[in-house]
């Protein structure tokens, strides 16, 4: 996936699943994208995507700690809510699927 397509898909997913979020994006060398989307004063989403390596991560952060997410460090896996240290194998999610999963986790905080 290209950087531009990933950003478009992520923006669409954020509007759908987190309409009141305040996202900020940063691009690096035209191949990497980071996004931080503030949800409350102590909860935010952190997203990273590298178009060259394919490295991707999605995290729900509360009080500076990941509470849920998924990434492809070594293999695609999810970090479930209430047990974020676990690595549960999963298929690669689209940005929309990842935001839906994080929205479900956020609703349980």
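Going by the structure shown, is residue 60 surrounded by 12 or more Cβ atoms within 10 Å (Cβ to Cβ) and touching a strand residue (DSSP E or B) at 6+ places or on another chain (Cβ under 6 Å)?
Yes.
Go through region 1-26 and report how many residues are in contact with a helix residue (DSSP H, G or I) (Cβ under 7 Å, 6 or more places away or on another chain), farther than 11 Å from residue 99 by Cβ and touching a residue at least 24 places away in the same chain (Cβ under 8 Å).
Within region 1-26, residues that are in contact with a helix residue (DSSP H, G or I) (Cβ under 7 Å, 6 or more places away or on another chain), farther than 11 Å from residue 99 by Cβ and touching a residue at least 24 places away in the same chain (Cβ under 8 Å) number 1.
Give region 51-66 a look and list any residue that's part of a strand (DSSP E or B), under 13 Å from the mean Cα position of the chain (by Cα) and over 20 Å from residue 20 (Cα atoms), or say none.
Passing the criteria: 56, 57, 66.
Would you call residue 71 touching a residue at least 40 places away in the same chain (Cβ under 8 Å) and surrounded by 13 or more Cβ atoms within 10 Å (Cβ to Cβ)?
Taking the combined requirement at face value, the residue does not satisfy it.
Among the residues of region 33-44, is any assigned to a loop (DSSP other than H, G, I, E, B), more than 12 Å from the chain's Cα centre (by Cα) and surrounded by 14 or more Cβ atoms within 10 Å (Cβ to Cβ)?
Within region 33-44, one or more residues are assigned to a loop (DSSP other than H, G, I, E, B), more than 12 Å from the chain's Cα centre (by Cα) and surrounded by 14 or more Cβ atoms within 10 Å (Cβ to Cβ).
If you take the residues of region 68-97 that are assigned to a strand (DSSP E or B) and over 12 Å from the mean Cα position of the chain (by Cα), which of them is farthest from residue 1 (Cα to Cα)?
88
Can you tell me how many residues in region 1-32 are farther than 16 Å from residue 93 by Cα and not in a helix (DSSP H, G or I)?
Count: 15.
Since every read-out is calculated from the coordinates, none of them should be taken as a lab result. Because the structure is a prediction, the values reported are computed rather than measured. Note: ideal-geometry Cβ built from the backbone for every residue, glycine included; neighbour counts use all protein chains shown.
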